[in-house]
Amino acid sequence: MQASPQLALRQAKEIDKAIAGGKKLALLAGIPAAIKDAILVKDFNNTAASLILENFHSAQDATAVAKLREEGAVFLGRTNLDEFAMGSSTEHSAYKITRNPLDVERVPGGTSGGSAAAIAAGECVFALGSDTGGSIRQPAAFCGVVGLKPTYGRVSRYGLIAHASSLEQIGPMAKNVDDCEIVFDAIAGQDPKDSTSVDPEFPISNFQFPNIKIGIPKEYFGRGLDKDIKKAVLETAGKLEKQGVKIEEISLPNAEYALPCYYIIVPSEASANLARFDGIRYGKSEKAENLFGVYAKTRGRGLGEEVKRRIMLGTFALSSGYYDAYYLKAQKARTLIKRDFETAFEKVDFLLTPVSPFQPFKIGEKINDPLKMYLSDVYTISINLAGVPALSMPIPKAKVENMPVGLQIIGPHFSEKNIFHLAKAIEQL
Ligand code: GLN
């Protein structure tokens, strides 16, 4: 974490004053938090781990940050990520890598690896992350903490440095489910500054544990999944069944299209979103003979390899002549994937799956092979394509390779409260 002691001390002093004055304290008064460096915090450095935004200071808070500030949270600093939230290991940061505090030879996951590591190392009580395809859930799993990717629209995206706008959400990360829920309650809600944000208008049904049905999607337990992770997840389902929960195997028949579909749609959106970093409007600017030279030099020097790869992929997929064959097809596949979830949730209340097909890998192991890195998200990305919420939590007492094992609970749109309810029951197993 890149600490900002002066700002934290200033906030802490205000809380001390409120306590001394006998004032009623806000929900998160004095609670130390860390914010992923892709979510704007007023007066902080906001780099998105990119050289192109080195020394960029924001004049505004992201809405989620403003809400935490109102509740009295103290911001200790910024957490590292993969540049512009593209990656799965926090090795793609332009500044430094982040190590997993549970085993410093391993990655903490990504892209919210800095937030997960800061919580696991006890540097803060909670953190904000963002999740386009697994960036809250996979690092939470790798570092043994809890993280929620909210329903699309449930938390304002205002002030999140945009990567792929139709998929990403800001979400809470914490040591346990209770803390995660408190932070979620603080940041959720409709925001006039984000036209895609909503407050659900319908009542959210509640249930009494164990009166629920859980689906085990068979496509998430096939080839490529570490056998010990599989065992740990299925054992958890078995324990729930013993308590009276109904467990049934179900199918998400289009699951195999999620990864190719994601890697067309996400780079396409990224190529459009990142066009603004051109040396004229934001961030660093390199001097050159003419305007084209400024663009080329600024982007050439300021953006990392993975970011450039995605801009090229996205620009290609959106270009005339290829649009129908790639982008439009991917959007159709996305609809099928979304329907799979809708059909599943007509039969069951939740889905239980692994978060990652493998345990935290070694630093350097996948960095030179983008395809291997992309496979990290094979169980998390379809959730963003469908817009549904999902929580990642460590399976109680489970260890594989001496590291915690992540469990993913997926629910229908706006079922966050029910997910927390189930997650707390699992914590008690
Ligand atoms: N690892 C995925 C990617 O590289 C997800 C990233 C994210 O959720 N921000 O796109």
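State, as an integer percentage, the relative contact order of segment 15-103 based on alpha-carbon contacts under 8 Å between residues 6 or more apart. Don't skip to the answer; put the middle values down first.
On the way: 150 pairs, mean separation 26.1, N = 89.
Worked out over segment 15-103, it gives 29 percent.
GNM, the chain, Cα, under 10 Å: largest mean-square fluctuation among Gln138, Gln208, Gln331?
Judging by the Gaussian network model, the answer is Gln208.
State, to one decimal in nm, how far the label point of Lys193 lies from the label point of Asn45, with both points 7 Å from Cα in the Cβ direction.
2.3
Whole-Hz Karplus ³J(HN,Hα) for segment 291-308, in order, using 6.51 cos²θ - 1.76 cosθ + 1.60 and θ = phi - 60°, x for Gly and Pro?
Taking θ as phi minus 60°, the curve returns 4, 4, x, 4, 4, 5, 5, 4, 6, x, 8, x, 10, x, 4, 5, 5, 5 Hz for segment 291-308.
Mind checking which lysines have their Cα closer than 23 Å to the Cα of Lys13? Skip sequence neighbours fewer than 8 apart in that chain.
By straight Cα distance, Lys13 reaches Lys23, Lys24, Lys42, Lys67.
Which whole-Hz ³J(HN,Hα) couplings does segment 116-129 yield from phi under the Karplus relation 6.51 cos²θ - 1.76 cosθ + 1.60, θ = phi - 60°, glycine and proline marked x?
5, 5, 4, 5, 4, 7, x, 7, 8, 8, 8, 8, 9, x
For a quick check: with amide H placed at 1.01 Å from N, whose amide H comes under 5 Å from Phe126's, ignoring anything fewer than 5 positions away on the same chain?
Sorted by chain and number, the residues that satisfy this are Ala34.
Could you work out what % of the accessible surface of the chain is carbon and sulfur, using a 1.4 angstrom probe and leaving DNA, RNA and ligands out of the count?
Summing carbon and sulfur atoms, their accessible area is 53 percent of the total for the chain.
For Lys23, what accessible surface area do you get with a 1.4 Å probe? Give it in Å², rounded to 10.
140
Check Ala390: other-chain or 5+ apart residues with amide H under 5 Å from its amide H, H built from backbone geometry?
Distant-sequence amide H within range of Ala390: Lys149.
Only four residue types carry charge here, +1 at the Cβ of Lys and Arg and -1 at the Cβ of Asp and Glu. Report the dipole size of the chain about the Cα centre in Debye, rounded to the nearest 20. Let's see the in-between values first.
Working: 51 positive and 49 negative charges, 62 e Å.
Using Cβ point charges on Lys, Arg, Asp and Glu, the chain gives about 300 debye.
What does the helix-only formula give at 222 nm for the chain: each DSSP H stretch with n ≥ 4 adding -39500 (n - 2.57), the total divided by the residues, and the result rounded to the nearest 500 deg cm²/dmol? Spell out each step's value before the answer.
On the way: 13 runs with 150 residues, N = 429.
After summing the helix terms and dividing by residue count, I get -10500 deg cm²/dmol.
Using modelled backbone amide H atoms (1.01 Å from N, in-plane), which distant-in-sequence or interchain residues come within less than 5 Å of Gln60's amide H?
When sequence neighbours closer than 5 places are left aside, the close amide H contacts are Asp43.
Going by a ≥ b ≥ c, the root eigenvalues of the Cα gyration tensor, does the chain fall in the rounded group (a/c under 1.5), the prolate group (a/b larger than b/c) or the oblate group? All intermediate terms of the calculation are to be shown ahead of the outcome.
Numbers: a/c = 1.55, a/b = 1.13, b/c = 1.38.
Oblate shape, in that a/c is at least 1.5 and b/c is the bigger or equal ratio.
Enumerate the calculated ³J(HN,Hα) couplings along segment 256-271 in order (Karplus 6.51 cos²θ - 1.76 cosθ + 1.60, θ = phi - 60°), each rounded to whole Hz, writing x wherever the residue is Gly or Pro.
5, 8, 4, 5, x, 5, 4, 7, 9, 5, 5, x, 4, 5, 5, 5
What lysines sit close enough to Lys227 to cross-link, taking a C-alpha to C-alpha distance under 21 Å and skipping anything fewer than 8 places away on the same chain?
By straight Cα distance, Lys227 reaches Lys218, Lys239, Lys362, Lys366, Lys372, Lys397, Lys399.
Within segment 219-262, list the residues whose amide N lies under 11 Å from a label point set 7 Å along Cα→Cβ of Thr343.
Under cut-off, by backbone N: 251-255.
Out of the chymotrypsin sites (Phe, Trp or Tyr not before Pro) in segment 249-291, which ones are loop residues according to DSSP with at most 14 other C-beta atoms within 10 Å? Can you show the working numbers first?
On the way: sites: Tyr257, Tyr262, Tyr263, Phe277, Tyr282; in loops: Phe277, Tyr282.
Those that pass, being in a loop and sparsely packed, are Tyr282.
Over the chain, average the accessible area per residue using a 1.4 Å probe and give it in Å², no decimals. Don't skip to the end; give the middle numbers.
Working: 18080 Å² over 429 residues.
Spelled out: the 1.4 Å probe surface of the chain, per residue, equals 42 Å².
The values are calculated or read from the model by the stated rules, or taken from the named source; none is laboratory data. Just so it is clear, the model here is predicted, and its values are computed rather than measured. Backbone-built Cβ (ideal geometry, glycine too); neighbour counts: all protein chains shown. Remember, those area values only see protein heavy atoms, side chains included, never the ligands or the DNA or RNA. Shrake-Rupley method; radii C 1.70, N 1.55, O 1.52, S 1.80 Å.
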